[in-house]
Amino acid sequence: MPADCLFCKFVSSETPVELVAQNQRAVAFNDINPQAPLHVLVIPREHYVDVGTLAAADPAALADLVALAQQVALEQSDGQYRLLFNSGPNAGQSVYHVHGHVIGGKKLGWTPA
Ligand code: AMP
Ligand code: ZN
C-alpha cells in the first residue's frame, strides 16, 4: 500500500469514514462531492491503481466490487445506476486507488465526453 493513499487509509480505518456497505473484498462510502442523489464510491480493500490493473490481477475482487455496487443501488435507490471508472488523468481520475462511482437516484443525463 502506498503510504499516502487516502482510500487505503479508509480501508484500514487509519482515516475514519462511514462505510455504507462492505463485502469480503470491497467497501463502499459516500462521495464527498456528490453529483447525483446516489453517489457512492466502491473500492477494493487491496490497493490497485485502476480498474484494468484490478481486473488483470484479481478478477474475483472486481466481481466483488461490482456486486457491492449493485447492492448499494438496490439498498439506497431503485436498483438503476451508472457504474463509472475514470482511468488516467485525461479521463478525470484524481485518486489512484481504483474506485467505481455508483451514480443514480434520478434520471441521468449523458454527457460522457
Ligand atoms: P476520480 O476523479 O474519478 O478519481 O474520483 C475521485 C472521487 O473521490 C471524486 O468524486 C471525489 O469527490 C472523491 N473524494 C475525494 N476525496 C474524498 C473523501 N475524503 N471522501 C469521499 N470521497 C472523496
Ligand atoms: Zn490505496
Review point. Quick one: what pairs do we get from segment 94-113, first residue farther than 27 Å from ALA61 by Cβ, second surrounded by fewer than 13 Cβ atoms within 10 Å (Cβ to Cβ), C-beta under 8 Å, 6+ apart or different chains?
Key: LYS106/PRO37
Study note, to complete from the structure: Over segment 21-49, the set of residues outside any loop (DSSP other than H, G, I, E, B), within 11 Å of ligand 1 (Cβ to nearest atom) and open to solvent by 30 Å² or more (accessible area, probe 1.4 Å) is ASN30
**Study point:** Residue satisfying condition, being open to solvent by 30 Å² or more (accessible area, probe 1.4 Å), more than 15 Å from ligand 2 (Cβ to nearest atom) and on the phi > 0 side of the Ramachandran plot, within set GLY92, GLY52
**Key:** GLY92
Study note, to complete from the structure: In segment 55-83, residues that are open to solvent by 70 Å² or more (accessible area, probe 1.4 Å) and either under 15 Å from GLN22 (Cα atoms) or among the hydrophobic types (A, V, I, L, M, F, W, C) (or both) total 5
Check your understanding: If we keep just the residues of segment 57-82 that are free of Cβ contacts under 8 Å to residues at least 24 places away in the same chain and in contact with a helix residue (DSSP H, G or I) (Cβ under 7 Å, 6 or more places away or on another chain), which is farthest from LYS9 (Cα to Cα)?
Key -> GLY79
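Limited to segment 95-113, what total is found for residues that are farther than 30 Å from ALA3 by Cα and open to solvent by less than 80 Å² (accessible area, probe 1.4 Å)?
In the first step, residues of segment 95-113 are kept if they are farther than 30 Å from ALA3 by Cα; the result is 104-113.
Pick out the ones that are also open to solvent by less than 80 Å² (accessible area, probe 1.4 Å) and you get 104-105, 108-109.
Looking only at that region, the number is 4.
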Point to revise | Lone unmet requirement of (1) within 11 Å of ligand 1 (Cβ to nearest atom); (2) of a type in the set (S, T, N, Q); (3) over 12 Å from the mean Cα position of the chain (by Cα) for SER13 | key: (1)
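Regarding segment 64-77, can at least one residue be identified that is outside any helix (DSSP H, G or I) and touching a Pro at 6+ places or on another chain (Cβ under 8 Å)?
Quick first cut of segment 64-77, residues outside any helix (DSSP H, G or I) only: 77.
Filter once more, so that each one left must be touching a Pro at 6+ places or on another chain (Cβ under 8 Å): 77.
For segment 64-77, residues outside any helix (DSSP H, G or I) and touching a Pro at 6+ places or on another chain (Cβ under 8 Å): present.
The values are calculated or read from the model by the stated rules, or taken from the named source; none is laboratory data. Note that this is a predicted model, so its numbers are computed, not measured. All Cβ positions, even for glycine, are placed from backbone atoms using ideal geometry, and neighbour counts span all protein chains on display. Note: areas computed on protein heavy atoms with side chains; ligands, DNA, RNA excluded. Shrake-Rupley method; radii C 1.70, N 1.55, O 1.52, S 1.80 Å.
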